[in-house]
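First comes the structure, then the notes that go with it.
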Amino acid sequence: MMNANLKIVGTFLLCAMFSALVHAENAMISIETDNVSMIMGTDNKGELLFRHFGGRIGDISQFAGYKTYRRSDYGTDPLAYPAAGGRFFNEPALLAEYGNGHLNTELKYVSHKSIQVDGNVTRTEILLQDRVTSLRVLLVYTAYAKEDVIVCHTEITNGGKKPVLLKNYYSSSLPVMAGKYHLMHFYGSWAREMQVDTEPLSHGIKTIESKKGVRTTHTENPSFMLGLNADGFDENHGEVIAGALAWSGNFKISFQMDETDRVNILAGINPYASEYRLDKGKTFVTPEMIYTYSFAGTGQASRNLHDWARNYGCYDSSVMCPTLLNSWEGAYFDFNTKTLTDMIDDVRDMGLEMFVLDDGWFGNAYPRNDAKHGLGDWETNVAKLPEGIGYLVDYAHERGVKFGIWIEPEMVNPESELARKHPEWIVKSEGREVPTIRTQWLLDLSNPDVQDFVFGVFDRTMQLAPGIDYIKWDANRHVESFGSEYLERQNHFFVEYVQGFRNVLRRLREKYPEVIVQACASGGGRVEYGALKYFNEVWTSDNTEALSRVFIQYGTNMIYPACVTGSHVSAVPNHQTGNVTPLKFRFDVASAGRLGMELQPKDMTDDEKEFAKMAIASYKEYRDLVFGGDLYRLMSPYESGDHYALMYVSKDKKRAVVFAYCIKFQGRTLIPVIRLHGLDTCLKYSIRELNVKKSRFWGSGKVFGGDYLTSHGINPQLTKIYDSSVFYLEAEN
Ligand code: DGJ
């Protein structure tokens with residue numbers, strides 16, 4: 001159950017197999033994965049220059065004497081970590097103000113070393129130092145060979161006597177040279193997360209960022225794909241760089257196309273209102289920026305990131321999060337013990353594996369019967385649940401059902417005992433109105449006392465009954481009118497909030513390594529790899545409507561693997577959009593992620609319950625593919641407009657599951673022929689349609705060659721809007 005990152009550190013310390021320390025002018029450094037090289041080298045002035053990111057190059061000595069023909073009196077060649085100062089004039093990765101008020105830094109290469117952590121992981125550290133001051137910068141690159149992923153972060157140390165103000169302190173700088181650049185990034189809002197935007201880059205700066213502090217990924221996501229040398233994106237062909245930042249707060253990723261047509265990618269903490277004072281002897285460690293390079297389009301880029309995420313980036317992704325019923329859309333705040341035990345019975349009857357009690361179970365002086373009361377007062381509401389949470393947990397466990405519960409520990413309602421007791425814990429700007437969002441305020445996690453409190457909320461909730469299996473951690477507002485009564489320097493608020501959040505999560509994971517924890521922030525407000533170091537999964541969106549989910553899940557799974565994306569079947573008309581879709585379509589869409597339900601089962605007909613049972617049982621047959629298989633997107637809902645299709649293939653290519661959907665009515669004339677990917681063309685596969693009594697696809701029950709499926713494809717009868725099919729493929733022995 002150990003966190004993958006802890007494993008790496010452990011291995012790193014215990015069995016460093018190879019370590020080389022190089023001090024040299026004209027050093028050449030290669031960071032390599034199975035298929036990719038990142039190459040840097042020093043010039044005769046000792047500057048560390050970026051030479052290559054792309055296909056693997058064996059003999060790096062070929063870069064000796066490399067010339068870009070830049071006029072020597074005009075700027076610098078691409079620096080590995082450009083600082084403001086010297087001849088550099090573009091957006092700097094580092095901008096520091098020294099004790100004397102000066103703002104120039106000129107980083108010079110000092111040394112580097114490479115450590116082979118294990119058979120797959122190599123860590124390269126490059127030490128730079130300012131020519132004049134004692135500011136040191138350690139660039140750290142961790143290369144994951146099999147996944148073709150390179151993770152970068154930076155450690156900035158003030159070796160001088162006076163404090164240094166860090167104004168820009170990005171995680172990484174990546175100069176890229178290509179003929180054309182096409183950017184895909186992800187935008188949205190509540191209930192509309194991870195919509196895909198694509199655009200060609202041109203000269204100037206394109207930035208994606210968040211200044212929201214919390215719920216920081218609702219509007220933009222700290223991730224992207226950059227297609228190179230092409231006019232658009234191809235799912236299966238062409239060169240693509242994908243990047244994702246692991247930071248649960250304000251981020252900024254900018255793409256500056258300079259006058260040489262090079263694009264410089266800066267990624268890291270947003271400098272907005274975050275000038276950071278680095279005291280004498282202190283080191284600031286930036287968040288990690290994750291990069292991969294694909295030579296086979298966006299599809300391979302996603303698969304690389306997913307493999308890395310499952311092997312290293314996400315908290316214990318070996319756990320297959322159970323199928324579940326969440327109480328929120330089925331009961332909201334209106335329930336008693338019987339409502340919940342009935343739901344638990346339905347969980348068991350339909351073959352789901354867990355019941356999750358959402359909001360509304362706590363607060364006595366200010367009972368949590370609506371969103372206006374009780375946040376902060378984490379005692380069980382005795383009027384609603386006189387038998388207590390323990391009774392519900394036992395009731396579930398006796399029926400073979402796991403039990404999960406909701407908390408929102410960073411928040412407080414003005415109408416709560418906590419708000420009265422600890423007004424000093426509330427995020428606010430002195431002397432100004434404290435705005436509410438969803439009638440709640442934010443607690444100041446930069447304050448260690450608040451960190452203890454938040455830790456305690458989780459800890460006490462776990463103590464409500466032995467054996468709580470799952471916690472849903474929600475956060476339903478972002479930061480406004482920011483300020484901290486605790487902090488001496490208000491500029492540190494955004495950074496120290498996230499550091500406080502991480503401290504709490506680190507402590508919790510030490511105490512509760514096995515409990516499954518979901519990151520929810522009004523849906524997809526915390527979908528990023530910083531949170532996923534500690535959380536097993538995310539609540540992808542509050543929008544549970546299946547057509548909207550097609551687009552939300554398509555975008556989210558570009559960067560994040562399906563094993564972390566919770567997706568629920570809910571009632572119709574949908575509570576968010578009012579749309580009415582067939583139950584089968586809702587199941588077939590939700591089953592492409594971590595499947596759950598979120599409705600009142602009592603309102604389902606017997607036929608609907610029968611269908612649910614069938615769909616849940618078939619999901620259990622193939623979910624290991626959704627959780628651990630390779631994702632191939634077969635048709636894009638954006639490009640096709642009529643249909644959407646995807647599949648997951650087992651690593652040994654012997655099993656696969658295909659999902660296909662009709663998302664628009666087109667006169668019953670456009671029947672898609674969907675070519676499958678990722679199969680072994682030499683194998684024969686039986687194909688069986690799931691979630692139907694009788695298949696409408698002529699080929700269901702037959703055996704086809706991998707060559708047929710790959711070169712010709714299947715043509716399921718998807719004619720009406722919301723028709724959908726799920727096919728299970730198994731290789732014949
Ligand atoms: C917002 C979440 O995204 C929902 O799933 C639900 O947990 C509500 N909060 C509860 O208040």
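The values are calculated or read from the model by the stated rules, or taken from the named source; none is laboratory data. Worth saying up front: this structure is predicted, and the values here are computed from it rather than measured. All Cβ positions, glycine included, derive from the backbone under ideal geometry; neighbour counts span all protein chains shown.
Restricting attention to region 340-356, does a residue exist that is in contact with a Lys or Arg (Cβ under 9 Å, 6 or more places away or on another chain) and among the hydroxyl-bearing types (Ser, Thr, Tyr)? Taking every residue of region 340-356 in turn, none turns out to be in contact with a Lys or Arg (Cβ under 9 Å, 6 or more places away or on another chain) and among the hydroxyl-bearing types (Ser, Thr, Tyr).
Out of the residues in region 582-610 meeting the condition of being in a loop (DSSP other than H, G, I, E, B) and touching a residue at least 24 places away in the same chain (Cβ under 8 Å), tell me which one is nearest to the ligand (Cβ to nearest atom). Within region 582-610, the match that is nearest to the ligand (Cβ to nearest atom) is Leu599. Lys651 fulfils the conditions (1) within 33 Å of the chain's Cα centre (by Cα); (2) surrounded by 15 or more Cβ atoms within 10 Å (Cβ to Cβ) except for a single criterion, (2). Scanning region 318-329 for residues that are among the small types (Gly, Ala, Ser) and more than 15 Å from Asn369 (Cα to Cα) turns up just one, Ser318. Elements of the type strands (runs of 3 or more DSSP E) sitting completely within region 275-328 and holding at least 3 residues that are touching a residue at least 40 places away in the same chain (Cβ under 8 Å) and in the same structural domain as His237 (by TED's automatic domain parsing): these cover 276-278, 283-285, 288-294. Considering only residues that are surrounded by fewer than 21 Cβ atoms within 10 Å (Cβ to Cβ) and away from the ligand (no atom under 14 Å from the Cβ), which ones fall in region 354-369? If the condition is that a residue be surrounded by fewer than 21 Cβ atoms within 10 Å (Cβ to Cβ) and away from the ligand (no atom under 14 Å from the Cβ), then Asn364, Ala365, Pro367 are the ones that fit. Taken together, Gly75, Gly65, Gly46 contain a single residue that is touching a Lys or Arg at 6+ places or on another chain (Cβ under 7 Å), at pLDDT below 95, within 15 Å of Ala27 (Cα to Cα) and outside any strand (DSSP E or B), which is Gly46. Taking each residue of region 399-422 that is more than 9 Å from Leu375 (Cα to Cα) and away from the ligand (no atom under 16 Å from the Cβ) and looking for partners that are assigned to a strand (DSSP E or B) and of a type outside the set (A, V, I, L, M, F, W, C) with beta-carbon atoms closer than 7 Å, six or more apart or interchain, yields Lys402/Tyr470. Taking each residue of region 350-373 that is closer than 19 Å to Lys602 by Cβ and charged (D, E, K, R) and looking for partners that are within 12 Å of the ligand (Cβ to nearest atom) and in a strand (DSSP E or B) with beta-carbon atoms closer than 6 Å, six or more apart or interchain, yields Asp358/Asn326; Asp358/Trp406.
In region 549-580, the residue that is nearest to Leu226 (Cα to Cα) out of those that are within 15 Å of the ligand (Cβ to nearest atom) and in a helix (DSSP H, G or I) is Thr556. I'd like to check something: does region 339-349 contain any residue that is assigned to a loop (DSSP other than H, G, I, E, B) and either at pLDDT 95 or above or polar (S, T, N, Q) (or both)? No, there is no match, as no residue in region 339-349 is assigned to a loop (DSSP other than H, G, I, E, B) and either at pLDDT 95 or above or polar (S, T, N, Q) (or both). Filtering region 509-545 to residues that are assigned to a helix (DSSP H, G or I) and in contact with a strand residue (DSSP E or B) (Cβ under 8 Å, 6 or more places away or on another chain) leaves Ala531, Leu532, Lys533. Quickly run through region 525-548 and pick out the residues that are within 14 Å of the ligand (Cβ to nearest atom) and of a type in the set (D, E, K, R). Scanning region 525-548 gives Arg526, Glu537, Asp542, Glu545. Note on region 63-90: among residues that are among the aromatic types (Phe, Trp, Tyr) and touching a Leu at 6+ places or on another chain (Cβ under 9 Å), the one that is nearest to Asn44 (Cα to Cα) is Tyr66.
Scanning region 423-472 for residues that are away from the ligand (no atom under 16 Å from the Cβ) and farther than 25 Å from Phe494 by Cβ turns up Asp459, Arg460, Met462, Gln463, Leu464, Ala465, Pro466, Gly467, Ile468, Asp469. Restricted to region 471-481, and to residues there that are under 25 Å from the mean Cα position of the chain (by Cα) and not charged (D, E, K, R), the residue that is farthest from Arg526 (Cα to Cα) is Ile471.
With respect to the stated conditions, Ser522 is surrounded by fewer than 24 Cβ atoms within 10 Å (Cβ to Cβ), under 22 Å from Val569 (Cβ atoms) and near the ligand (Cβ under 10 Å from one of its atoms). Restricting attention to region 366-384, the residues that are touching a Ser or Thr at 6+ places or on another chain (Cβ under 8 Å) and either in a strand (DSSP E or B) or of a type in the set (A, V, I, L, M) (or both) total 3. Do you know which residues across region 686-701 are among the hydroxyl-bearing types (Ser, Thr, Tyr) and farther than 18 Å from Tyr661 by Cβ? Within region 686-701, Ser686 is the sole residue that qualifies. Filter the strands (runs of 3 or more DSSP E) completely within region 155-253 down to those with at least 1 residues that are under 17 Å from the mean Cα position of the chain (by Cα) and either buried (at least 21 other Cβ atoms within 10 Å of the Cβ) or in contact (Cβ under 8 Å) with a residue 60 or more places away in the chain (or both). Per the criteria, 181-187, 195-200, 204-209, 220-228, 239-246. Which count do you get for residues in region 449-480 that are among the acidic types (Asp, Glu), surrounded by fewer than 21 Cβ atoms within 10 Å (Cβ to Cβ) and within 21 Å of Ile389 (Cβ to Cβ)? Here the count works out to 1.
Summed over region 366-388, residues that are over 28 Å from Thr436 (Cβ atoms) and of a type in the set (A, V, I, L, M, F, W, C) total 0.
Taking strands (runs of 3 or more DSSP E) as the structural unit, those lying wholly within region 632-733 and holding at least 3 residues that are without any contact (Cβ under 8 Å) to a residue 60 or more places away in the chain correspond to 643-649, 684-690, 703-705. Exactly one residue out of Glu488, Glu510, Glu496, Glu480 is away from the ligand (no atom under 16 Å from the Cβ), free of Cβ contacts under 8 Å to residues at least 12 places away in the same chain and under 27 Å from Glu433 (Cβ atoms): that is Glu488.
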